[in-house]
Amino acid sequence: MFMNDETFFCTINVFIFVLQNVINTFTQTAKHSRCSFYGNVNVGKDVTIGELQQAYHAVILSYGAEGNRRVGVPGEDLRGVYSAKDFVGWYNGLPSCRELSPDLSCETAVILGQGNVALDVARILLSPLDALKKTDITQPALEALAESQVRKVLIVGRRGPMQIACTIKELREMVNLPGTRPEMVAADFEGVPEALKDLPRPRKRLTELLMKTAMEVPGDKELERRKNATKIWGFRFYRSPTEIFADPSHSRTASIRLAVNRLEGSGERAQAVLTGEVEDVSCGLVISSIGYKSLPIDPSVPFDSRRAIVPNSVGRVHQAAGLYCSGWLKTGPTGVIATTMNNSFDTARSLLEDVDSGTLDISTGKPGSQIVSMLLEERGVKPVTFSDWEKIDSLEMRKGEACGKPREKLLTVEEMLKVART
Ligand SMILES: NC(=O)c1ccc[n+]([C@@H]2O[C@H](COP(=O)([O-])OP(=O)(O)OC[C@H]3O[C@@H](n4cnc5c(N)ncnc54)[C@H](OP(=O)(O)O)[C@@H]3O)[C@@H](O)[C@H]2O)c1
């Protein structure tokens, strides 16, 4: 996004979350007379960061985390093993994940990791089709889920119930998912009731809900609901994956070996330590959901490969005057929309402080968007404007309306460009 006062350039962080006020804010900003929107431009390839810095006084990198962390165990590349990043991209209509076609012909799925993404994936695998039909999930995903044989989802974590990474709202949605019942292992909760009183409040409430779901005998209504459930989900704690095995005849996933852990230390910082014991779980689908990671896009920008972030102080990129960052690229892949929003306000404040203090020199003019447009044209790159995007948006909405969904997404870049340019 280019600001026409010739001062700022931001790469846009594309969030999958479809929150109306987020959409409204983006639309308002993109339509602002001092803002230019350039879609379908690959920064680092079509235009370099150095060129943007020559065009603008400040460049803010906010391109998120499009890589995923690998579990790093043998069998991770088998058919039937997917990253949550690709799986989520597939049901959300990301063009690069269109061909994923996950094999859902098994009964049991194992999800590695216990964050909100893991819960999102579990919910998609287990949700009643009628509920999914009203969302903007893609038609191919809907058709594949209609044929899915998955009846049980195990969400596996290397640490214990008091270290679970999801948040209470997402856990509650899982607990209340129609047609499903929870199935946990009572031994995983040993010592938790005693530790409850010393937990900080949000963690305490989350653990209480977890314990209630796992241990309490439910009331009549809930009992009836669980009795009628046809699908099962459950957390498995203190388990780390060590190997994924194939079915010898079909070379697809057949089971996963989990090492049994114990905890050293307590609270958020407790560490999982191997006990030497292992157990095998039969499953035909493994989805690893152990976190996303940012990727470097331009060799001229400092990048901390170990932490997969751009090294920065409150959004000021180290050793790169005029370069700023925000979002997951700045902090690592953590936090909900509000966290990311506040984090971007901090970066904006840093930038304004630098203008005030003179650290960011804006005394001489910069050519701004004109020069960028010129460079793109020279290179044969035809950007998508905001009104082009609005054509795609309105077609997707109309297609969705025709089948009772909020939106039916276009699934290839070619289709999108065709619509944008008509
Ligand atoms: N509805 C929403 O608001 C929503 C939806 C989706 C995502 N988000 C947010 O997006 C952020 C990213 O979510 P996320 O679920 O991808 O990440 P996350 O919350 O960081 O969870 C990652 C999970 O993977 C585990 N893990 C990490 N490395 C591992 C390893 N080597 N072996 C085994 N397990 C490992 C973690 O366990 P340890 O704790 O032991 O490291 C944790 O359970 C989060 O802040 C999340 O809240 C929010």
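The values are calculated or read from the model by the stated rules, or taken from the named source; none is laboratory data. Since this is a predicted model, take the numbers as computed values, not measurements. Methodologically, a virtual Cβ is constructed for each residue, glycine included, from the backbone with ideal geometry; neighbour enumeration extends over all protein chains shown. Just so you know, the surface numbers come from the protein's heavy atoms only, side chains and all, with ligands and any DNA or RNA stripped out. Shrake-Rupley method; radii C 1.70, N 1.55, O 1.52, S 1.80 Å.
Just give me the residues in segment 387-421 being open to solvent by 30 Å² or more (accessible area, probe 1.4 Å), under 18 Å from Asn24 (Cβ atoms) and not hydroxyl-bearing (Ser, Thr, Tyr), in sequence order.
Across segment 387-421, the qualifying residues are Trp389, Glu390, Asp393, Met397, Pro406, Arg407.
Counting only residues that are among the small types (Gly, Ala, Ser) and open to solvent by 50 Å² or more (accessible area, probe 1.4 Å), how many does segment 23-65 have?
Qualifying residue count for the region: 1.
Quick check: anything in segment 138-150 more than 24 Å from Glu279 (Cα to Cα), within 15 Å of the ligand (Cβ to nearest atom) and either surrounded by fewer than 17 Cβ atoms within 10 Å (Cβ to Cβ) or at pLDDT below 95 (or both)?
No: zero hits.
So how many residues does segment 210-231 have that are closer than 24 Å to Asn261 by Cβ and surrounded by 15 or more Cβ atoms within 10 Å (Cβ to Cβ)?
Residues in segment 210-231 being closer than 24 Å to Asn261 by Cβ and surrounded by 15 or more Cβ atoms within 10 Å (Cβ to Cβ): 4 in total.
Of all the residues that make up segment 97-134, how many are among the polar types (S, T, N, Q), away from the ligand (no atom under 16 Å from the Cβ) and more than 21 Å from Thr242 (Cα to Cα)?
Of the residues in segment 97-134, the ones among the polar types (S, T, N, Q) are 101, 105, 108, 114, 116, 127.
Going one step further and asking which of them are away from the ligand (no atom under 16 Å from the Cβ), we end up with 101, 105, 108.
Now restrict to residues that are more than 21 Å from Thr242 (Cα to Cα): 101, 105.
Residues that pass the stated criteria total 2.
Pull up segment 66-100, narrow it to residues that are without any contact (Cβ under 8 Å) to a residue 24 or more places away in the chain and open to solvent by 40 Å² or more (accessible area, probe 1.4 Å), then point me to the one that is nearest to the chain's Cα centre (by Cα).
Quick first cut of segment 66-100, residues without any contact (Cβ under 8 Å) to a residue 24 or more places away in the chain only: 72, 77, 86, 89, 94, 96-97, 99-100.
Add one more test, that the residue is open to solvent by 40 Å² or more (accessible area, probe 1.4 Å), and what stays is 72, 77, 86, 94, 96, 99-100.
On the way: Gly72: 20, Asp77: 21, Asp86: 10, Leu94: 12, Ser96: 15, Glu99: 19, Leu100: 17 Å.
Residue satisfying both the conditions and the ranking: Asp86.
Against the definition (surrounded by 12 or more Cβ atoms within 10 Å (Cβ to Cβ), modelled with pLDDT under 95 and under 15 Å from the mean Cα position of the chain (by Cα)), how does Thr331 come out, yes or no? Break it down into steps so the answer makes sense when it comes.
Numbers: surrounded by 12 or more Cβ atoms within 10 Å (Cβ to Cβ): yes; modelled with pLDDT under 95: no; under 15 Å from the mean Cα position of the chain (by Cα): yes.
Against the criterion (surrounded by 12 or more Cβ atoms within 10 Å (Cβ to Cβ), modelled with pLDDT under 95 and under 15 Å from the mean Cα position of the chain (by Cα)), Thr331 does not qualify.
Looking only at segment 36-84, count how many residues are within 13 Å of the ligand (Cβ to nearest atom) and either in a helix (DSSP H, G or I) or among the acidic types (Asp, Glu) (or both). Walk me through it before giving the result.
Going residue by residue through segment 36-84, those that are within 13 Å of the ligand (Cβ to nearest atom) are 64-73, 76, 83-84.
Filter again for either in a helix (DSSP H, G or I) or among the acidic types (Asp, Glu) (or both), leaving 66, 76, 84.
Residues in segment 36-84 being within 13 Å of the ligand (Cβ to nearest atom) and either in a helix (DSSP H, G or I) or among the acidic types (Asp, Glu) (or both): 3 in total.
Having 1 or more residues that are open to solvent by 60 Å² or more (accessible area, probe 1.4 Å) and more than 24 Å from Asp77 (Cα to Cα) is the bar; report the strands (runs of 3 or more DSSP E) wholly within segment 238-310 that clear it.
Numbers: elements: 239-246, 253-264, 271-282, 285-288.
So the answer is 253-264, 271-282.
Search segment 335-349 for residues that are over 17 Å from Tyr63 (Cβ atoms) and pair each with any residue that is away from the ligand (no atom under 15 Å from the Cβ) and open to solvent by 40 Å² or more (accessible area, probe 1.4 Å) when their beta-carbon atoms are under 8 Å apart and the residues are at least 6 apart or on different chains.
Asp346/Val314; Arg349/Val314
Within segment 229-249, does at least one residue satisfy the condition of being charged (D, E, K, R), under 31 Å from the mean Cα position of the chain (by Cα), more than 16 Å from the ligand (Cβ to nearest atom) and at pLDDT 95 or above? Before the answer, list the steps.
Taking segment 229-249 first, the residues charged (D, E, K, R) are 231, 236, 239, 243, 247.
Next, from what is left, pick out any that are under 31 Å from the mean Cα position of the chain (by Cα): 231, 236, 239, 243, 247.
Now narrow it down to the ones that are more than 16 Å from the ligand (Cβ to nearest atom): 231, 247.
Pick out the ones that are also at pLDDT 95 or above and you get 231.
There is at least one residue in segment 229-249 that is charged (D, E, K, R), under 31 Å from the mean Cα position of the chain (by Cα), more than 16 Å from the ligand (Cβ to nearest atom) and at pLDDT 95 or above.
Please work out which residue is least open to solvent (accessible area, probe 1.4 Å), limiting yourself to segment 377-386 and to residues that are charged (D, E, K, R) and assigned to a loop (DSSP other than H, G, I, E, B).
Looking only at segment 377-386, we keep the residues that are charged (D, E, K, R), and these are 377-379, 382.
Restricting the remaining residues to those that are assigned to a loop (DSSP other than H, G, I, E, B) gives 379, 382.
Working: Arg379: 105, Lys382: 126 Å².
Out of the qualifying residues, it is Arg379.
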